[in-house]
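Colleague: Sending over a structure as structure tokens; questions will come in a sec.
The values are calculated or read from the model by the stated rules, or taken from the named source; none is laboratory data. Every value quoted in this text rests on a predicted model; they were computed, and no experiment measured them. Heads up, the Cβs are rebuilt from the backbone with ideal geometry, glycines too, and the neighbour counts pull from every protein chain shown.
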Amino acid sequence: MYIIDKEEVDAVQRVIESKQLFRYRGGEGGETDHFEKEWAEKIGVTYAVAVTSGTAALISGLVGMGIGPGDEVIVPAYTFMATALAPLAVGAVPILSEVDESLTLDPEDVERKITPRTKVIIPVHMVGLPSNMDAMMEIAAKHDLQVLEDACQADGGAYGGKRLGAIGHAGAFSFNHFKIITCGEGGALVTDDREIYERALIFHDGGCSFRDHAPSMQTPFFAGWNFRINEILSAILRVQTTRLDGMLEAMLTEKRTMIAALNDAGPFTFNPIHDVEGDCGTTLALLFDDEPTMRRFLAGCDEAEVRADTPIDSGRHVYTNWDVVLNQRGSHNPAFDAYNLTDVEVEYSQDMCPRTLDVLSRTAYLYTDPARPREELDRLIETVQRVAEQL
Ligand SMILES: Cc1ncc(COP(=O)(O)O)c(C=O)c1O
């Protein structure tokens, strides 16, 4: 859904002409440093680390929080699989929790899944919908846990007047091709916590101890990886960041128009939203009483050439399709495998989150478009109204 144009071309040209494509080696103060500052400001946090993907941001966040073997991390059963793979990358085990009708973590189930080994909750703001962050932060405080927000599908969204990613102890963003803003592949970790920031900074750059900022670091260095972003991608992201609020406003306006027009249009309600002001507005979720009616709605939309789909068919986003997790193949090497590093037996099964499967199979998605002319939206709404009336 991203918008990309001449401004990004100019930004890329500027970097290429500067011949400075690497963020360090004299690149300090360059595009990436500026992007990190601008993104931290946009989200309302002290620190941002730009990385190569949302997955890298999640892994860096967990490293920042000191998570490792023996730890459990609660993730929703409905999210892109990377949310569940990130704990495995640091040697911890993902524990799957139900989502409710809001399509985000069900707080009651999260509490049920907490054990003495639980260290982190990862609420995922799926399809731009804010999770119930009051409940998440309350549960975390009660059980002394950390919260890593997965805002990969919710760049710029908010909850309770704060941007998503700024409410938990840290937040992860993705800027891959499918996200609200993009540089093709990219990500960012944000936090107000100096220790999380420094640990993530060290981990994302194996050469961290040789950089200009090394003397100012308070955290002892440890072996890191390479999740460094480059100056071309950061230059694109700086332009994309300036587009973000306008896009969110346009999408939310479309979504509100659709909600007003489709209220009482057919046998569905709207999935509840934890903060209608902070919703990114990318997706309108319609909740049906049963799957056959939802499927008839999709068939009608398909015939009328309206883009619509259902989360139950979204493959890699539904836990039943996460084979490497369900089969507990947590690493390329058994000695590194988180499932061999915990002293308890972890159990997964295809039917372990029945509420999630029920909600996903009764939900249909319609999509907004920040660049769509109003007449086109009106035509789409009329078509959907006709489809819904015939159900
Ligand atoms: C909810 C969620 N978490 C994490 C990721 C991982 O992001 P990336 O693909 O940038 O690694 C994605 C990306 O699709 C996502 O949708």
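Colleague: From (1) farther than 19 Å from Leu103 by Cα; (2) of a type in the set (S, T, N, Q); (3) crowded, with 22+ Cβ neighbours inside 10 Å, pick out the condition that doesn't hold for Thr241.
Modeller: Checking Thr241 against (1) farther than 19 Å from Leu103 by Cα; (2) of a type in the set (S, T, N, Q); (3) crowded, with 22+ Cβ neighbours inside 10 Å, the one that fails is (3).
Colleague: Return only the number of the condition from (1) out of contact with any Phe, Trp or Tyr (no Cβ under 8 Å at 6 or more places or on another chain); (2) not in a helix (DSSP H, G or I) that Leu287 does not satisfy.
Modeller: With respect to (1) out of contact with any Phe, Trp or Tyr (no Cβ under 8 Å at 6 or more places or on another chain); (2) not in a helix (DSSP H, G or I), Leu287 is out only on (1).
Colleague: Taking the conditions exactly as written (over 24 Å from the mean Cα position of the chain (by Cα) and not polar (S, T, N, Q)), does Arg238 satisfy them or not? Show your work before the answer.
Modeller: Details: over 24 Å from the mean Cα position of the chain (by Cα): no; not polar (S, T, N, Q): yes.
No, not satisfied.
Colleague: Hey, can you tell me all the residues within segment 292-338 that are within 16 Å of the ligand (Cβ to nearest atom) and aromatic (Phe, Trp, Tyr)?
Modeller: Tyr319, Trp322, listed by residue number.
Colleague: Only residues that are surrounded by fewer than 24 Cβ atoms within 10 Å (Cβ to Cβ), touching a residue at least 60 places away in the same chain (Cβ under 8 Å) and not charged (D, E, K, R): list them for segment 100-114, please.
Modeller: Passing the criteria: only Ser102.
Colleague: Here is a list: Lys113, Lys142, Lys162. Which entry is of a type in the set (Lys, Arg) and either within 23 Å of Val324 (Cα to Cα) or at pLDDT below 95 (or both)?
Modeller: Going through Lys113, Lys142, Lys162 in turn, just one is of a type in the set (Lys, Arg) and either within 23 Å of Val324 (Cα to Cα) or at pLDDT below 95 (or both): Lys113.
Colleague: Looking at the structure I just gave you, is Ile236 within 16 Å of the ligand (Cβ to nearest atom), of a type in the set (Val, Ile, Thr) and under 20 Å from Gly61 (Cα atoms)?
Modeller: Values: within 16 Å of the ligand (Cβ to nearest atom): yes; of a type in the set (Val, Ile, Thr): yes; under 20 Å from Gly61 (Cα atoms): no.
Answer is no for this residue.
The rows are residues; the columns are (1) closer than 18 Å to Val120 by Cβ; (2) within 10 Å of the ligand (Cβ to nearest atom); (3) touching a Pro at 6+ places or on another chain (Cβ under 8 Å); (4) among the acidic types (Asp, Glu).
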site: Gly168; (1), (2), (3), (4): yes, no, yes, no
site: Asn176; (1), (2), (3), (4): no, yes, no, no
site: Phe203; (1), (2), (3), (4): yes, no, no, no
site: Asp212; (1), (2), (3), (4): no, no, no, yes
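Colleague: Check Val45 against each of (1) buried (at least 20 other Cβ atoms within 10 Å of the Cβ); (2) touching a helix residue (DSSP H, G or I) at 6+ places or on another chain (Cβ under 8 Å) and name the one condition it does not meet.
Modeller: (2)
Colleague: Would you mind stating whether His177 is under 20 Å from the mean Cα position of the chain (by Cα), surrounded by 14 or more Cβ atoms within 10 Å (Cβ to Cβ) and part of a loop (DSSP other than H, G, I, E, B)? Lay out the reasoning, then the answer.
Modeller: On the way: under 20 Å from the mean Cα position of the chain (by Cα): yes; surrounded by 14 or more Cβ atoms within 10 Å (Cβ to Cβ): no; part of a loop (DSSP other than H, G, I, E, B): yes.
In short, no.
Colleague: Cβ-Cβ below 7 Å, separation at least six or inter-chain, first residue in segment 303-317 and assigned to a strand (DSSP E or B), second within 16 Å of the ligand (Cβ to nearest atom): which pairs?
Modeller: Ala308/Tyr365; Asp309/Tyr365
Colleague: Can you tell me which residue among Asp212, Asp192 is out of contact with any helix residue (DSSP H, G or I) (no Cβ under 9 Å at 6 or more places or on another chain), modelled with pLDDT of 95 or more, charged (D, E, K, R) and surrounded by fewer than 23 Cβ atoms within 10 Å (Cβ to Cβ)? I'd like the intermediate steps shown before the answer.
Modeller: Details: Asp212 fails: modelled with pLDDT of 95 or more.
None of the other options fit; the residue is Asp192.
Colleague: Let me ask something additional. Consider Ala56 carefully, then state whether it is away from the ligand (no atom under 14 Å from the Cβ), assigned to a helix (DSSP H, G or I) and under 20 Å from Gly184 (Cα atoms).
Modeller: Against the criterion (away from the ligand (no atom under 14 Å from the Cβ), assigned to a helix (DSSP H, G or I) and under 20 Å from Gly184 (Cα atoms)), Ala56 does not qualify.
Colleague: Okay, moving on. Among the numbered conditions (1) assigned to a helix (DSSP H, G or I); (2) in contact (Cβ under 8 Å) with a residue 12 or more places away in the chain, tell me where Asp33 comes up short.
Modeller: (2)
Colleague: Next up: If I ask for residues that are surrounded by fewer than 24 Cβ atoms within 10 Å (Cβ to Cβ) and over 26 Å from Pro354 (Cβ atoms), which ones from segment 64-90 would you list?
Modeller: Once the filter is applied, which keeps residues that are surrounded by fewer than 24 Cβ atoms within 10 Å (Cβ to Cβ) and over 26 Å from Pro354 (Cβ atoms), segment 64-90 yields Gly66, Ile67, Gly68, Pro69, Gly70, Asp71, Ala89, Val90.
Colleague: Restricting the search to segment 74-102, which residues are near the ligand (Cβ under 10 Å from one of its atoms), touching a strand residue (DSSP E or B) at 6+ places or on another chain (Cβ under 6 Å) and in a loop (DSSP other than H, G, I, E, B)?
Modeller: Thr79 - this is the single residue of segment 74-102 that is near the ligand (Cβ under 10 Å from one of its atoms), touching a strand residue (DSSP E or B) at 6+ places or on another chain (Cβ under 6 Å) and in a loop (DSSP other than H, G, I, E, B).
Colleague: Consider segment 146-160. How many of its residues are away from the ligand (no atom under 12 Å from the Cβ) and in contact (Cβ under 8 Å) with a residue 40 or more places away in the chain?
Modeller: Qualifying residue count for the region: 6.
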